[in-house]
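Visitor: Here it is: the structure, laid out below.
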Amino acid sequence: MIIFRGSVCMSQMRAAATWLIVVTALVGAFARPARAQNTGVIEGTVVDEQGGVMPGVTMTLRNTETGVERAVTTEGAGTYRFPALQPGTYSLTASLQGFASERLRDIALTIGLNLRYDITLKLQALAETISVTAEAPVVDVTKSEVAGVVTQKQIETLPINTRQYLNLALLMPGTSQDAVRVFYNNVNIGAGGSFYSNAFVADGVTNTWTEQGEPRQNFPQDSIREFKVNTMQYKAEYGLATGGLVTVVSRSGANASHGNLFEYFRDKALNTQNHFEKTKPDYRRNQFGASLGGPIRKDRTHFFAAIERTQEDNFFTVNTGRPDLYAAVEGTFPQPRHVTLTSIRVDHTLNSAQSVFVRYAQEGEFTQCAASTCGGRNAANAGYDMNIPRRSVVVGHTTILSARALNDFRFQYAFAAYQIAPPGQLIWTDVGQYPTERIGAQRVARRLQFPSLVWGGNYEALGPEKRFQVKDSFTYHAPDWVGSHDWKVGIDFSHIPFADDSQVNLNGTYQFGNDQSFNPNDATSIASLRAPILFTMTTPASYVPMPSQYLGIFIQDDWRPIPKLTLNAGLRYDLQIGAFNTDVRPDQFRIPIPLINPAVRGDRNNVGPRLGLAYDAAGDGATVLRGGYGIYYDNIRMLQNQYEKLNMLRYDIRITNPSYPDPFQGRDPLQFASTAPPNIQLLANDFRNPRSQQANVGLTRQLSSDLAVHADGVYSRIAGDRKTVNVNVPDAASGQRASPQFGRIDVDQSISKSAYRALYVRLDKRYSRNYQYLVSYSLVQGRDNNPAGRFVDQANRDLDWGPANFDRRHSFVASGAVQVPFDVQLGAVFTIRSSLPFSATAGRDLNGDTFVTDYVPGTSRNQGNRDLDLTLVNTWRASAGLLPIASIDSTRFSSVDVRASKPIRFAGERRAEVIVQLFNAFNTVNLSGLGTNAVAATFGVASRASAGRQAEVAVRLVW
């Protein structure tokens, strides 16, 4: 049950409304022409039977779904061009008096695609119109990017666990979900191996949290038209991501009314028992919803609406590996979750030159024991419940100024928040209020941490974020200036109010070096705990407002100096304002803070040139060679900047070898903290946006009219990511610190680095003759020094350089769908990925920095499942009186998901579909959560396994 506490701040709403009115007025007054986002182009040349170019031919393009038409006249060189086209199905007609008209039917245009159709008109005879079915090319000879599109057909026919469209991004090479946080559905793309390094765009506007850089909002599956995954070399139109880019187009209505009702059902009886479950737990999930789209005014105004609800009764298993000590907390426990997604879009054609759309989307999600924080070695009360409200409004206006110029404008208002409480406790919604009922020990418990068990919830948080965004861009097509040019310039501005009210470790954590008997229901057991090695605590409760602004300006040109060659050149400037804590006052702290000068901070030189080329080798559109180089900058995550400001507000306490059960020995925590040198965290004066240099070279070859193979070698080097360094380390001989009035002085510096190289191969057969398939292979090497963390040993920083956390060397994904006899549709996804690395930790503080994160002597970061020498591990285990180990569990992943559907047809297009889906059909045991503490019995032993085989049945009514 969710219990909410708090109210909406009316002053904030009034301020937001005022700001919105001002920005909208300014944009309306000063907006310049610009181009639509997430669109495609259809262009070509018209000639007669002798090959002579034909000016003055009327070209009429009709969207066969919406009935919207556009017409242009071929220019002096016989060329025509239709820019800013929404993905969909089109027909194209060429007509000129005295010649037979020619019509191309069923032109399928996907997101970002440039289609070229050269037409030959014949002298008019008996036939008034020659009608042929268009065959879209499988090779785009104008693009240097490394990208692929997930089509509506794939979304509809392939098995998708949880119906979250973003999971289908994993069909593309260079993608994974290995380094994502479990808070939000996310995907790692290319060199964006960190959860915060990729960009997400929906309907032309930002769909990324500023707080931590993850996807902000999910949408109903039925509301997604298609989406594009850029793994490398995306254009200057987009920025603030050193990894990949996902661009989503929502679905619009059509002249024909269509809708559906559906229910997807899972139950305990349809699941196999998890590898670590002693008995199969109860489970049930219902996903149900509906969609409806159609005309409000035929050929002019259309709508599409979708809603879906997920109600899931899930369970998790606490498995410490030491039932002899922790049987009282082991077992299987409930984990309910529910999500509601809503989206509605209205498109309106004002006239042949102007169109507008409005899209509203909302998501509400609540999970008990969210983000895998319970289960494995974490007790049922060690995690937290999470409520996440999200909503957005997007307005778009496109104006075609002429056959050569167009304007596109976007506005977005978005709201998202994380609202977190310990398991079973009320959800608080008022920022900055701290009554006992919110922060008392009855709600936020003290945590006890053993090598094989974590007990106690000690985390609650609020984080409301809004975004007011305006974008404007202008495109101009110059067909006869040393070849053809497509110029585009644009500006993107966001104002993002954000505040974090997170109480982490509010009532403290005891850490014990050895496992020992513990029963939370037995007071004697609690009192008998011995020999804690560390106590940490952060107090008092406090919050930090962190508003920011973002400005992006770009110019790019797609230049075709000769028909075979396209150069994609661009230049982008990115600026984050408010991301460098320039408002911090060091003299406000009770002890003046050294080292920092906020007035000199900021990163104002983020200029990113990008250059790519695509070469049509034979001039027949069948083979394209491509390559490119670009500089990209990453988003600075606002949440990480709170710690410097919190220096003024709270204390970070660390006590080694503390007394138990009272680490303060009768003193008040605040009194205790005020007598000890404080630990502080600062931002370096030269802190900056991470910078990536990316290069790629690749080849695409058409194998048949519906089949192509793509191969790309990619390289990325990222410098300047965040790394935390203690600059006040005690002298090894005297034990004195350079600044004795402080404890640790942790400085976030832009010194982390990474290198990524990969080979991507993709075999893509589009849907025709009743089947389609996509086969992807990735050979990857990712290495870094653990960005966003601290050095395990500052005196030997090279120990941190090693395989990245997401580094699976090999990944293979095959997917496809086929129509078989008896009107049955089959779809499947087969995935296999090699093991992830991990570090062997000593389980002791070996270097005296108070962190129990040191590696086993002689080893370095992430050697596990790579080149780890078990002799070194066993020598260390022997020193603790433990038996040697001979093997480590594998975290290789393998799964086959299958979907089968059978329609029962009624009159017209009405039908009922019966659907069966199997996830992990062969019940493969995929292990995770390896123990990393070398002096624990669980070292190298998995504590978690992904779900075994799960079956799902569904009924869908379509009309």
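Visitor: Give segment 186-222 a look and list any residue that's assigned to a helix (DSSP H, G or I) and of a type in the set (S, T, N, Q), or say none.
Guide: Within segment 186-222, Gln221 is the sole residue that qualifies.
Visitor: Those residues that are over 30 Å from Thr162 (Cβ atoms) and either without any contact (Cβ under 8 Å) to a residue 24 or more places away in the chain or charged (D, E, K, R) (or both), I need them from segment 873-902; list them, please.
Guide: If the condition is that a residue be over 30 Å from Thr162 (Cβ atoms) and either without any contact (Cβ under 8 Å) to a residue 24 or more places away in the chain or charged (D, E, K, R) (or both), then Asn874, Thr875, Arg877, Ala878, Ser879, Gly881, Leu883, Pro884, Ala886 are the ones that fit.
Visitor: Looking at the structure I just gave you, is Val725 at pLDDT 95 or above, under 34 Å from the mean Cα position of the chain (by Cα) and surrounded by fewer than 20 Cβ atoms within 10 Å (Cβ to Cβ)?
Guide: Yes: the conditions hold for Val725.
Visitor: Same structure again: When you scan segment 259-270, do you find a residue that is in a loop (DSSP other than H, G, I, E, B) and either modelled with pLDDT of 95 or more or not hydrophobic (A, V, I, L, M, F, W, C) (or both), even just one?
Guide: For segment 259-270, residues in a loop (DSSP other than H, G, I, E, B) and either modelled with pLDDT of 95 or more or not hydrophobic (A, V, I, L, M, F, W, C) (or both): absent.
Visitor: List pairs: first in segment 226-242 and not assigned by TED's automatic domain parsing to the domain that holds Arg163, second at pLDDT 95 or above and surrounded by fewer than 24 Cβ atoms within 10 Å (Cβ to Cβ), Cβ under 8 Å, 6+ apart or cross-chain?
Guide: Listed by first residue and then by second, the contacts come to nothing, as the list is empty.
Visitor: Please give the number of the condition Ala732 fails out of (1) assigned to a loop (DSSP other than H, G, I, E, B); (2) touching a helix residue (DSSP H, G or I) at 6+ places or on another chain (Cβ under 6 Å).
Guide: Result: Ala732 passes all but (2).
Visitor: Is it true that Asn507 is surrounded by fewer than 19 Cβ atoms within 10 Å (Cβ to Cβ), assigned by TED's automatic domain parsing to the domain that holds Val394, under 30 Å from Val852 (Cα atoms) and among the polar types (S, T, N, Q)?
Guide: No: the conditions fail for Asn507.
A quick yes/no check of all residues on (1) within 30 Å of Leu567 (Cβ to Cβ); (2) at pLDDT 95 or above; (3) not charged (D, E, K, R):
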residue: Arg116; (1), (2), (3): yes, no, no
residue: Ser131; (1), (2), (3): no, no, yes
residue: Ala134; (1), (2), (3): yes, no, yes
residue: Val146; (1), (2), (3): yes, yes, yes
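Visitor: While we're here: Cβ-Cβ under 9 Å, sequence separation 6+ or interchain: first residue in segment 310-337 and outside the structural domain of Asn271 (by TED's automatic domain parsing), partner of a type in the set (Ser, Thr, Tyr). Which pairs?
Guide: Going by the 9 Å Cβ cut-off, there are no qualifying pairs.
Visitor: A follow-up question, please. Inspect all residues belonging to segment 594-601 and state whether any of them is under 30 Å from Tyr413 (Cα atoms) and either of a type outside the set (Ser, Thr, Tyr) or modelled with pLDDT under 95 (or both).
Guide: yes
Visitor: Quick one: is Thr938 polar (S, T, N, Q) and either surrounded by 19 or more Cβ atoms within 10 Å (Cβ to Cβ) or over 27 Å from Phe315 (Cα atoms) (or both)?
Guide: yes
Visitor: Any chance you could count how many residues in segment 558-614 are surrounded by 18 or more Cβ atoms within 10 Å (Cβ to Cβ) and hydroxyl-bearing (Ser, Thr, Tyr)?
Guide: So the count comes out to 2.
Visitor: Okay, moving on. Can you report the number of residues in segment 842-878 which are surrounded by 21 or more Cβ atoms within 10 Å (Cβ to Cβ), within 21 Å of Leu534 (Cβ to Cβ) and among the β-branched types (Val, Ile, Thr)?
Guide: Number satisfying all stated conditions: 1.
Visitor: Say whether the condition of being surrounded by fewer than 22 Cβ atoms within 10 Å (Cβ to Cβ), touching a helix residue (DSSP H, G or I) at 6+ places or on another chain (Cβ under 7 Å) and either closer than 23 Å to Tyr773 by Cα or not assigned by TED's automatic domain parsing to the domain that holds Phe893 (or both) is met by at least one residue in segment 181-201.
Guide: For segment 181-201, residues surrounded by fewer than 22 Cβ atoms within 10 Å (Cβ to Cβ), touching a helix residue (DSSP H, G or I) at 6+ places or on another chain (Cβ under 7 Å) and either closer than 23 Å to Tyr773 by Cα or not assigned by TED's automatic domain parsing to the domain that holds Phe893 (or both): present.
Visitor: If you take just the strands (runs of 3 or more DSSP E) that sit entirely in segment 333-429, which of them hold at least 2 residues that are surrounded by 18 or more Cβ atoms within 10 Å (Cβ to Cβ) and touching a Gly at 6+ places or on another chain (Cβ under 6 Å)?
Guide: Counting at least 2 such residues, we get 405-421.
Visitor: Something else now. Is it the case, given these coordinates, that Asn581 is among the polar types (S, T, N, Q), touching a strand residue (DSSP E or B) at 6+ places or on another chain (Cβ under 8 Å) and assigned to a loop (DSSP other than H, G, I, E, B)?
Guide: yes
Visitor: Pairs please, first residue from segment 113-136 and under 21 Å from Gln97 (Cβ atoms), second anywhere and at pLDDT below 95 and among the aromatic types (Phe, Trp, Tyr), Cβ atoms under 7 Å, 6+ apart in sequence or on different chains.
Guide: Every condition considered, the pairs that remain are Leu121/Phe99; Lys122/Phe99; Leu123/Phe99; Gln124/Phe99.
Visitor: Of all residues being hydroxyl-bearing (Ser, Thr, Tyr) and buried (at least 21 other Cβ atoms within 10 Å of the Cβ) in segment 80-108, which is farthest from the chain's Cα centre (by Cα)? Just the residue, please.
Guide: Filtering first and then ranking leaves Tyr80.
The values are calculated or read from the model by the stated rules, or taken from the named source; none is laboratory data. For clarity, every value in this text was computed on a predicted model and none was experimentally measured. Positions of Cβ are backbone-derived with ideal geometry, glycine not excepted, and every protein chain shown enters the neighbour counts.
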